[in-house]
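Data block below; observations after.
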Amino acid sequence: MVNVEQRASLYKTIRRLHEAGLIAVRQTERDQQYPERTVYELTEDGRCGLPGWLADMLATVRNEYPRFPAALSFAMCLSPAGLLAALEQRAAVLRENLAKTEHLLETHAGSLPRVTLLDDEYRRAVTGAELAWIDGLLDDLRSGALTWSEEHLISVAEEDLSGVAPDLPPEWVAGAAEGPGRTRPPGGHAR
């Protein structure tokens, strides 16, 4: 998989495919107004390997690491109002992207075979699902059904973690909230 947001990743992937003999330079184009452009094509080995590689990518569920879920795991570092503002911005962009994808599908649905639009259908489904989930989160933030404070989070962190994470080593549970210079009386909170 190629992260096309990062041009360097794309070039590294092209170089690896070329070095593996899966693609070859078809032609190099020069135009005074634009930088040199190289056009690649699949080699015979590339054509033979493509169906297996593609079938594997379609069939195999892999853990991918997008930034959004990683950021969500630290959402508590923002205030509820801060998270609300950030998610409202994200939702606005998702609505625009969803509208563009739907327009593209409507435009081409009658003229192209559906199999050529599956990636756009997938993008519409995933974007729509993410937007629906974020809209629910925004409703909960606005109504106060989802809220937190630094004090509450600290009190949760200071509680005995053995009930929440029973597999933690005992030394982690006993000293989880103490930190340098903090002590914990038996049955009490860290000071």
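If you take the residues of region 128-159 that are among the hydroxyl-bearing types (S, T, Y) and in contact (Cβ under 8 Å) with a residue 24 or more places away in the chain, which of them is farthest from C77 (Cα to Cα)? Give the derivation first.
Looking only at region 128-159, we keep the residues that are among the hydroxyl-bearing types (S, T, Y), and these are 143, 147, 149, 155.
Next, only the ones that are in contact (Cβ under 8 Å) with a residue 24 or more places away in the chain stay: 147, 155.
Details: T147: 12, S155: 15 Å.
It comes out as S155.
Give just the number: which of (1) outside any helix (DSSP H, G or I); (2) farther than 29 Å from L153 by Cα does E64 not satisfy?
In the conditions (1) outside any helix (DSSP H, G or I); (2) farther than 29 Å from L153 by Cα, E64 misses (2) alone.
Among the candidates A55, A85, A109, which residue alone is surrounded by 10 or more Cβ atoms within 10 Å (Cβ to Cβ), under 30 Å from S155 (Cα atoms), hydrophobic (A, V, I, L, M, F, W, C) and modelled with pLDDT of 90 or more?
Numbers: A55 fails: under 30 Å from S155 (Cα atoms); A109 fails: under 30 Å from S155 (Cα atoms).
Matching residue, one of A55, A85, A109: A85.
Out of L84, L112, L42, which single residue is in the same structural domain as G21 (by TED's automatic domain parsing) and out of contact with any Pro (no Cβ under 9 Å at 6 or more places or on another chain)? Break it down into steps so the answer makes sense when it comes.
Values: L84 fails: in the same structural domain as G21 (by TED's automatic domain parsing); L112 fails: in the same structural domain as G21 (by TED's automatic domain parsing).
Going through L84, L112, L42 in turn, just one is in the same structural domain as G21 (by TED's automatic domain parsing) and out of contact with any Pro (no Cβ under 9 Å at 6 or more places or on another chain): L42.
Testing S155 on (1) among the hydroxyl-bearing types (S, T, Y); (2) surrounded by 12 or more Cβ atoms within 10 Å (Cβ to Cβ); (3) within 26 Å of the chain's Cα centre (by Cα), one condition comes back false. Which one is that?
(3)
The values are calculated or read from the model by the stated rules, or taken from the named source; none is laboratory data. Everything quoted here is computed from the prediction, not taken from an experiment. Methodologically, a virtual Cβ is constructed for each residue, glycine included, from the backbone with ideal geometry; neighbour enumeration extends over all protein chains shown.
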